[in-house]
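Okay, structure first, notes after.
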Amino acid sequence: MKVHSGIKSIPLTLRMNDAVNQEQARTKHMDKLIATGGKPLMGEISISGAKNAALPLMISSLLTREATVISNVPHLNDITTTMELLGQMGVELQVDEKMAIEVNASTLNSAVAPYGLVKTMRASILVLGPLLARYGRAEVSLPGGCAIGSRPVNLHLKGLEAMGTDIIFEGGYIKAKAKRLKGTRIFMDMISVTGTENLMMAATLAKGTTVIENAAKEPEIVDLASALNEMGARIEGAGTDQIVIDGVEELGGTHHRVIPDRIEAGTFLLAALVSGGKIKLRDVQPHHMEAVLGKLVEAGAVIEVGEDWVSLESPEDPIQPVGIRTSPYPGFPTDMQAQFVLLNSVADGISTVVETVFENRFMHIHELRRMGANIELDGNTAVIQGVSQLNGAPVMATDLRASACLVLAGLIAQGETTIDRIYHIDRGYECIDEKLAQIGASIKRIPGGSFANHVDKSL
Ligand code: UD1
C-alpha cells in the first residue's frame, strides 16, 4: 500500500497493528489544544472536501472491480479509518500528495467490518449495502451507542431486508446474506443520511427498480448519486425525497471530486463573526449553506457570495441572538448546532436552540457554562441568555461538533482555554489549528506525550 501525505500534522496511519503506529495513535489520542482569546480572525482560507461525502464515495468503490479515484479527500482521521477498514478487507488503496485516493476493490477478500473500527466510526455501517449488493454477504459489528445518542441502524437493516437480505445478530455482529438483491419500494420512517446512502448503493446492483421514499436530501447524497451514475448506475431524484434506482448488472470505475465541506465552511464563518473579524472562504458551494448563511445574516453578519466563495464581515453592533431548530437538509444542520449555541452565548439577548435530530447532543453546554455561558437546558431545548464575555477554562471535547464549538469559545474567551480529547475534532476538521492560526488565531497543539503525567486514565 502506497501512502503519501503532503500535510505534516496528522499522519495517515493505515496499519494500526504496527506497534509504532499504535503508540502514535495512543499519544495522538491525548493531544490538546490551547487557545488564547481576543484576536479577531482575518484573512482567507480554502475549504476542504466534505468528510460526509468522501466516506460514502470511498466505500462505494466496493461496488466495482474497476479502480475508482476520489479526489479532494480531506486529510482526517475518519478517512484514515475508512482506508483501514477497506484495506483490511483486501482492497488496494493508493494516496497521492494531493489526497486523491485510488481505491481498487478487485482484490477484496473479506466482507467483515470489525468492532475495533466500527466503534471509532459509525459510518462504517455504509459497507453493508455495497458488500451485499456485490458479494451477497457481509458481517458488520453493531455500532452501539455514542456520545450524541443511541443512533440505531434499524432503517438500514429494514430496507436491506425488504430487498431480500437475511439478517441475524450474533456476537455483537450484523450477519447479512442475500442472493441477488431485489428492487422494491422502501419508506424511511425517519430521514436518515447514511441510511439513504446505504440503500441507494445497494440498489444500484439490485434486480429491478428500487424507490426510496422519504429519502434524505443532503448535498452529500446528491454527490454520491452523481458518482454512482458516472460508474454506470441509473439513479434519479437524488436531492428530492423520492429516489428511484434502476438496478444494473455491474458498475465500472470513475474519477470523482468530493464536494466542499459545508460544515467546515459554516464553522469558519461563525468563528470570524464571534471574534469580530472578517474572512473570505474559497472552494465552497454557497448554495449548500443557505440555512446557515441566513442565520449568520440574522445575527448581523455582512455576507457576500460568489460562485465558489463566501465572505463575512462582522458588524460594529453587538451580535444578535438567533433562534435555531435543527432539521434534515435543507433545514438547519444539526452539525452546526453547537457552534450556534456558542454564538448565542455571546449575543445581545435571549434565544432558544432546539435539537430535533439527535438526543443528547448538548454536551458542549455543560462545558460552555464552565466558561461563564448562561444556558438553561430543558429536554431538547436550550435557552440562552447572552453574556458579554466568556472566560478561559480547561474543557473536555465530547464529540466532533461539540469540540469545534469549544475551540471557537477558547478563541473569544478572556485568557487561556485548554481543550482536551481533541481526537474528536481531528476526525472531522482538517488541520483546524493550522487553518485557524493562518487567519490570526492564537492556538497551539500540545502533543499527547507532553502531558504524559496528566493523562486521563479513562481514555
Ligand atoms: C449523518 C452525518 C452526521 C449528521 C447526521 C444528521 C455522515 C457520515 N454523518 O449521520 O454528520 O449529524 O447525518 O445530519 O454522513 N435513525 C434511526 N434509525 C436508523 C438511522 C437513523 O432511528 O436506522 C435516526 C438517528 O438516531 C437520528 C436520525 O435518524 O435521530 C438521523 O440520523 P442519520 O441521518 O441516520 O445520521 P447519520 O447518517 O448517522
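The values are calculated or read from the model by the stated rules, or taken from the named source; none is laboratory data. Remember, predicted model here, so these are calculated numbers, not experimental data. Methodologically, a virtual Cβ is constructed for each residue, glycine included, from the backbone with ideal geometry; neighbour enumeration extends over all protein chains shown. For the accessible areas, the whole protein counts, side chains as well, though only heavy atoms, and no ligand, DNA or RNA atoms are used. Shrake-Rupley method; radii C 1.70, N 1.55, O 1.52, S 1.80 Å.
Worth pointing out:
- For the range 241-255, filtering for residues that are surrounded by fewer than 23 Cβ atoms within 10 Å (Cβ to Cβ) and closer than 30 Å to His75 by Cα leaves 4.
- Top-ranked residue in the range 346-376 [being open to solvent by 60 Å² or more (accessible area, probe 1.4 Å), more than 16 Å from the ligand (Cβ to nearest atom) and not β-branched (Val, Ile, Thr); ranked as nearest to Asp399 (Cα to Cα)]: His366
- Residue match in the range 355-373 (condition: without any contact (Cβ under 8 Å) to a residue 24 or more places away in the chain and part of a strand (DSSP E or B)): no
- Criterion: among the hydrophobic types (A, V, I, L, M, F, W, C), out of contact with any Pro (no Cβ under 7 Å at 6 or more places or on another chain) and either under 18 Å from Leu224 (Cβ atoms) or open to solvent by less than 20 Å² (accessible area, probe 1.4 Å) (or both) - qualifying residue of Met83, Met42: Met83
- If you go through the range 88-103 and keep only what is under 20 Å from the mean Cα position of the chain (by Cα) and either in a helix (DSSP H, G or I) or crowded, with 21+ Cβ neighbours inside 10 Å (or both), you end up with Met99, Ile101.
- Strands (runs of 3 or more DSSP E) contained in the range 193-256 and holding at least 3 residues among the hydrophobic types (A, V, I, L, M, F, W, C): 242-246
- Residues of the range 206-230 that turn out to be hydrophobic (A, V, I, L, M, F, W, C) and open to solvent by 10 Å² or more (accessible area, probe 1.4 Å), as a count: 2
- Summed over the range 256-293, residues that are within 16 Å of Asn344 (Cα to Cα) and open to solvent by 40 Å² or more (accessible area, probe 1.4 Å) total 1.
- In the range 126-138, the residues that are of a type outside the set (Gly, Ala, Ser) and open to solvent by 10 Å² or more (accessible area, probe 1.4 Å) form Cβ pairs under 9 Å with partners that are within 15 Å of the ligand (Cβ to nearest atom) and not in a helix (DSSP H, G or I), at six or more places apart or across chains, as follows: Arg137/Ala176.
- Pairs where the first residue, in the range 383-396, is more than 17 Å from Ala299 (Cα to Cα) and the second is open to solvent by 10 Å² or more (accessible area, probe 1.4 Å) and small (Gly, Ala, Ser), C-beta under 6 Å, 6+ apart: Leu390/Gly372; Asn391/Gly372; Gly392/Gly415
- Considering the range 168-218, and only residues there that are among the basic types (Lys, Arg) and away from the ligand (no atom under 13 Å from the Cβ), the residue that is nearest to Ile125 (Cα to Cα) turns out to be Lys175.
- Qualifying residue in the range 291-301 (condition: within 14 Å of the ligand (Cβ to nearest atom), in a helix (DSSP H, G or I), within 21 Å of the chain's Cα centre (by Cα) and at pLDDT 95 or above): yes
- Ala437 falls short on exactly one of the conditions (1) more than 20 Å from Leu269 (Cα to Cα); (2) at pLDDT 90 or above; (3) open to solvent by 20 Å² or more (accessible area, probe 1.4 Å); (4) of a type in the set (Gly, Ala, Ser), and that condition is (1).
- In the range 166-192, the residues that are open to solvent by 10 Å² or more (accessible area, probe 1.4 Å), assigned to a loop (DSSP other than H, G, I, E, B) and either farther than 23 Å from Lys217 by Cα or free of Cβ contacts under 8 Å to residues at least 40 places away in the same chain (or both): Gly171, Gly172, Ala178, Lys179, Arg180, Thr184, Asp189, Met190, Ser192
- Among residues of the range 40-87, those that are assigned to a loop (DSSP other than H, G, I, E, B) and either at pLDDT below 95 or at positive phi (or both), counted: 3
- For the range 109-140, the tally of residues that are closer than 18 Å to Ala206 by Cα and either within 14 Å of the ligand (Cβ to nearest atom) or in a helix (DSSP H, G or I) (or both) stands at 10.
- Scoring Arg325 on the criteria (1) within 16 Å of the ligand (Cβ to nearest atom); (2) over 29 Å from Thr194 (Cα atoms) leaves a single failure, condition (2).
- Selection of the range 412-432 for residues being open to solvent by 10 Å² or more (accessible area, probe 1.4 Å) and of a type in the set (A, V, I, L, M) yields only Ile412.
- Meets criteria (open to solvent by less than 40 Å² (accessible area, probe 1.4 Å), within 24 Å of Ala265 (Cβ to Cβ) and among the basic types (Lys, Arg)) for Arg401: yes
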